[in-house]
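Values in this text are rule-based calculations from the coordinates and carry no lab data. Keep in mind the model is a prediction, meaning the values are calculated, not measured. For neighbour counting, all protein chains shown are included, and Cβ atoms are generated from backbone atoms with ideal geometry for every residue, glycine included.
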Amino acid sequence: MTQIVHRYVFDRRTKAKVHCKIRMGVVTLRYKNLELKLSHAEAERIGELLIKVADAQNTHRHIRKEDEDD
């Protein structure tokens with residue numbers, strides 16, 4: 001069985017890393033002491049949801065800055 005492993009550093013200040021293992025039909029994500037085993041479809045849906053939430057947060061932040069400037 002083929003296994004692909006990626007390690008992503010996403011916060012340089014805390015040196016936090018996400019470990020991602022991709023096997024046939026299963027994606028395993030590990031962050032600190034949290035480990036998620038997801039199907040490919042579940043991983044895609046969660047990824048899309050996280051992107052939407054991050055965009056909404058960025059939009060809200062820009063609106064607050066504009067309100068403070070006025």
| request: State, to one decimal in nm, how far the label point of Asn33 lies from the label point of Leu49, with both points 7 Å from Cα in the Cβ direction. | output: 2.4 nm
| query | Between Tyr8 and Met24, what is the label-to-label distance in nm when each label sits 7 Å out along the Cα-to-Cβ direction? | reply | 2.6 nm
